[in-house]
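Working notes, structure below.
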Amino acid sequence: MLKLGVLISGRGSNLQSLIDACASPGFPAEIALVISNRPDAAGLARAEKAGIRALTIDHKRYTTREAFERDMDAALREAGVGLVCSAGFMRVLTPWFVEAWWDRQLNIHPSLLPAFRGLHVHEQALAAGVRVSGCTVHFVRPEMDSGPIIAQAAVPVLTGDTPDTLAARVLEAEHKLYPLAVRLIGEGKAKIVGEQVVIDAPSRERDVLFAPHPT
Ligand code: GRF
């Protein structure tokens, strides 16, 4: 069973999708630890409700980024974590942490990378006038919102969309995509070859770009 460490900073709806996936029969992962860098993150209550160990490691109590990360790293190792999943974790990670969890850390980003990295993603997408947006789960590399892509989901951009309506549509896809990506890794079906992810799975599982319909 793959042990996940989920890093959050806020609402935690992606954490919830992983909690729900892990509760489903046959899912190859379990959440060993949730870490929030903010004591007021709503996601902490989701972990508590599910009976999952959750820690606050408040970055504001540290004078250096690296000291903060060393405590996160120690907690993740102590919990036996094999895969770190950033889920709305709003701290930039140093190369030291990224290297410590190289090929063992994922992030979810609410755009079809490499388009629209960074913040205000849906504003960026609307300003660009794209007809399709979506989300990406990728391995973490030192450059923000980059790294080998495991899975993407596309959603349409509709006339009259605001950043909020587009965000809600993308978020719905995120909740399907993150568990899918974790499952592929947990089952050993997603391998990094030359900085690209090769999916070694039969049938539909290879088709990791999908386009759920908006509700
Ligand atoms: C998601 O849109 C995620 O892609 C981005 O931050 C948001 C986090 O939402 N990185 P939540 O905390 O998981 O609800």
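The numbers here are math on the coordinates, done by the rules we state, and not lab data. No experiment lies behind these values; they were computed from the predicted model shown. All Cβ positions, even for glycine, are placed from backbone atoms using ideal geometry, and neighbour counts span all protein chains on display.
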Just checking, does the range 155-169 include any residue being touching a helix residue (DSSP H, G or I) at 6+ places or on another chain (Cβ under 9 Å), under 19 Å from Asp20 (Cβ atoms) and within 14 Å of the ligand (Cβ to nearest atom)? no
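The rows are residues; the columns are (1) of a type in the set (D, E, K, R); (2) surrounded by fewer than 17 Cβ atoms within 10 Å (Cβ to Cβ); (3) in contact with a strand residue (DSSP E or B) (Cβ under 6 Å, 6 or more places away or on another chain).
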site	(1), (2), (3)
Ser13	no, no, no
Arg53	yes, yes, yes
Ile57	no, no, yes
Ala79	no, no, yes
Leu83	no, no, yes
Ser86	no, no, yes
Glu99	yes, yes, no
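Being on the phi < 0 side of the Ramachandran plot, more than 13 Å from the ligand (Cβ to nearest atom) and surrounded by 20 or more Cβ atoms within 10 Å (Cβ to Cβ): is that true of Ile150 here? Steps first, answer last, please.
On the way: on the phi < 0 side of the Ramachandran plot: yes; more than 13 Å from the ligand (Cβ to nearest atom): yes; surrounded by 20 or more Cβ atoms within 10 Å (Cβ to Cβ): yes.
Spelling it out, Ile150 is indeed on the phi < 0 side of the Ramachandran plot, more than 13 Å from the ligand (Cβ to nearest atom) and surrounded by 20 or more Cβ atoms within 10 Å (Cβ to Cβ).
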His109 meets each of (1) within 16 Å of the ligand (Cβ to nearest atom); (2) farther than 22 Å from Ala190 by Cβ with one exception, condition (2)
Going through (1) within 13 Å of the ligand (Cβ to nearest atom); (2) in contact (Cβ under 8 Å) with a residue 60 or more places away in the chain; (3) assigned to a strand (DSSP E or B) one by one, Lys3 fails only at (1)
When restricted to Asp103, Asp40, Asp71, the only residue outside any helix (DSSP H, G or I) and over 24 Å from Gly186 (Cβ atoms) is Asp40
Over the range 123-133, the set of residues crowded, with 23+ Cβ neighbours inside 10 Å, in contact (Cβ under 8 Å) with a residue 40 or more places away in the chain and in contact with a helix residue (DSSP H, G or I) (Cβ under 6 Å, 6 or more places away or on another chain) is none
